[in-house]
1. How big, in percent, is the set of alpha carbon pairs in the range 77-142 lying more than 19 Å apart?
2. Per the 1.4 Å probe, what fraction of the accessible area of the chain, in percent, lies on carbon and sulfur atoms?
3. Just how large is the dipole of the chain about the Cα centre, in debye to the nearest 20, putting +1 at every Lys and Arg Cβ and -1 at every Asp and Glu Cβ?
4. If you average over every viewing direction, what projected area does the convex hull of the Cα atoms of the chain give, in nm²?
5. Spit out the partnerless Cys residues in the chain, using Cβ distances under 4.7 Å as the pairing rule.
6. Over the range 84-142, average the accessible area per residue using a 1.4 Å probe and give it in Å², no decimals.
7. Kindly count the pairs of lysines across the chain whose alpha carbons are less than 16 Å apart, treating pairs on different chains or eight or more residues apart as eligible.
8. Would you work out the relative contact order for the chain, in percent, from Cα pairs under 8 angstrom that are 6 or more residues apart?
Amino acid sequence: MDVEELLRQNDLRVTPQRKAILAVLKNTRSFLSAQDLFQKVIEILPGTNFSTVYRNIDLLLEKGLLCRVSSQTGADLYELRREEGHHHHAVCKMCGAYFAVDFCPMEELVQELDRKGFLPTEHCFEVYGLCAKCREGKRKIE
Ligand SMILES: [Zn+2]
Ligand SMILES: [Zn+2]
Ligand SMILES: [Zn+2]
């Protein structure tokens with residue numbers, strides 16, 4: 001989908017910065033940190049400052065256009081939300097490639113938590129590992 005249309009559909013004003021952020025994410029099949037995203041955005045739009053990128057990431061996230069996972073170092077990583085509905089991710093620790101998974105472990109957990117009187121309001125669940133390409137690369141090194 002066209003990034004301008006995506007912005008309009010979500011009642012967001014079309015700005016060069018937002019377009020650049022979405023264009024970068026659209027062309028990337030891996031999760032990016034805000035810093036990585038910023039580096040790519042300034043290639044398209046030199047002079048953009050980090051705080052503008054960061055603010056817009058937040059906004060796009062809030063509007064549900066992005067997915068966020070936390071990396072193993074604790075930094076937040078982002079991708080363009082391509083899947084409809086609730087999903088989780090398996091993320092490659094080496095290259096950041098990700099795979100969306102339909103399975104949600106909460107469906108089973110909810111009942112157990114309910115018995116304990118606990119009401120879950122949010123959750124995150126990510127699987128970290130190595131993608132097929134990185135596994136191959138690893139084998140060559142060994
Ligand atoms: Zn996602
Ligand atoms: Zn990988
Ligand atoms: Zn879930």
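1. Of all Cα-Cα pairs in the range 77-142, 49 percent lie more than 19 Å apart.
2. After summing per-atom areas, the C and S share lands at 50 percent.
3. So the dipole magnitude of the chain works out to roughly 580 debye.
4. The number I arrive at for the chain is 11.0 nm².
5. 67, 95, 104, 124, 134
6. With all protein chains present, the range 84-142 gives 80 Å² per residue.
7. Counting lysine pairs in the chain gives 5.
8. Reported relative contact order: 19 percent.
The values are calculated or read from the model by the stated rules, or taken from the named source; none is laboratory data. Since the model is a prediction, treat every value here as computed from it, not as a measurement. Heads up, the Cβs are rebuilt from the backbone with ideal geometry, glycines too, and the neighbour counts pull from every protein chain shown. Accessible surface is based on the protein model in full, side chains and every heavy atom, while ligands, DNA and RNA are left aside. Shrake-Rupley method; radii C 1.70, N 1.55, O 1.52, S 1.80 Å.
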